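Input: a single structure, listed below in structure tokens.
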Amino acid sequence: MNRFPRRIFPAIALGLAALLVAGCGSKARRVSPPAASIQQLTVERDGSWTVDLRLHNYSSISMRFERVSLAVSVDEHEAGTLQASPAISIGPSAADTVRATLRPQPMARLAVADALAGRRTLSYRLEGEVSATPDEANKPRTFEVKSGSTLNPTPGLEGVLR
């Protein structure tokens, strides 16, 4: 009776080790919609905006970001459309920034100027499409993007919201 548990223990341990190794080898390759947000908005001398757009890849594989077309609104005022062709690869569950320029509509320009002058928070919304190609795929996929957040004046940097 004492020998039975000793003989079965190595077989159980070997079986558990085999299951563990088999589980490690099958990694799911998941493609998830990316996200976009404004990391920084800088008002230039000519009134245009330079926007540092943060692209986040939530997929479990790398994605090559080909095209971005996002309508921007600030404090509920349409600003215009950000267009960019970044042609950058972003690794799994990682993010990177892309710089784009926008000539904002007059009401949006006033909303940003008011937020900067009053040192107050500015809300924004992004809505549009991001085109990205999953690693090892030939054809880009288009993802709908809708997001919103807020920006705050950056102390010590004139005309910059983060």
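The values are calculated or read from the model by the stated rules, or taken from the named source; none is laboratory data. Every value quoted in this text rests on a predicted model; they were computed, and no experiment measured them. Methodologically, a virtual Cβ is constructed for each residue, glycine included, from the backbone with ideal geometry; neighbour enumeration extends over all protein chains shown. Side chains included, ligands, DNA and RNA excluded: accessible areas come from the protein's heavy atoms. Shrake-Rupley method; radii C 1.70, N 1.55, O 1.52, S 1.80 Å.
Some notes on this structure:
- Looking only at the stretch 123-162, and only at residues there that are surrounded by 14 or more Cβ atoms within 10 Å (Cβ to Cβ) and at pLDDT below 95, the one that is farthest from A111 (Cα to Cα): D135
- Selection status of P86, touching a Ser or Thr at 6+ places or on another chain (Cβ under 7 Å) and not in a strand (DSSP E or B): no
- Residue in the stretch 24-45 that is in contact with a Pro (Cβ under 7 Å, 6 or more places away or on another chain), modelled with pLDDT under 95, assigned to a loop (DSSP other than H, G, I, E, B) and over 18 Å from G128 (Cα atoms) present: yes
- L126 being over 15 Å from the mean Cα position of the chain (by Cα) and aliphatic (A, V, I, L, M): no
- Candidate set: the stretch 114-137, residues that are touching a Pro at 6+ places or on another chain (Cβ under 7 Å) and assigned to a strand (DSSP E or B); chosen: the one nearest to A36 (Cα to Cα): V130
- Scanning the stretch 110-146 for residues that are within 17 Å of Q83 (Cβ to Cβ) and among the small types (G, A, S) yields G128, S131, A132.
- Scan of the stretch 81-111 for residues that are more than 18 Å from R45 (Cβ to Cβ), out of contact with any His (no Cβ under 8 Å at 6 or more places or on another chain) and open to solvent by 20 Å² or more (accessible area, probe 1.4 Å), ordered by number: T81, Q83, S85, P86, A87, I88, S89, G91, P92, S93, D96, T97
- Residue pairs meeting the criteria (Cβ under 6 Å; at least 6 apart or on separate chains; first free of Cβ contacts under 8 Å to residues at least 60 places away in the same chain and under 15 Å from S32 (Cβ atoms), in the stretch 138-152; second in a strand (DSSP E or B) and among the small types (G, A, S)): T142/S131
- Failed criterion for D114 (all others in (1) open to solvent by less than 80 Å² (accessible area, probe 1.4 Å); (2) charged (D, E, K, R); (3) free of Cβ contacts under 8 Å to residues at least 40 places away in the same chain hold): (1)
- Among the residues making up the stretch 24-58, those that are buried (at least 21 other Cβ atoms within 10 Å of the Cβ) and in contact with an Asp or Glu (Cβ under 9 Å, 6 or more places away or on another chain) are I38, L41, L55, N57.
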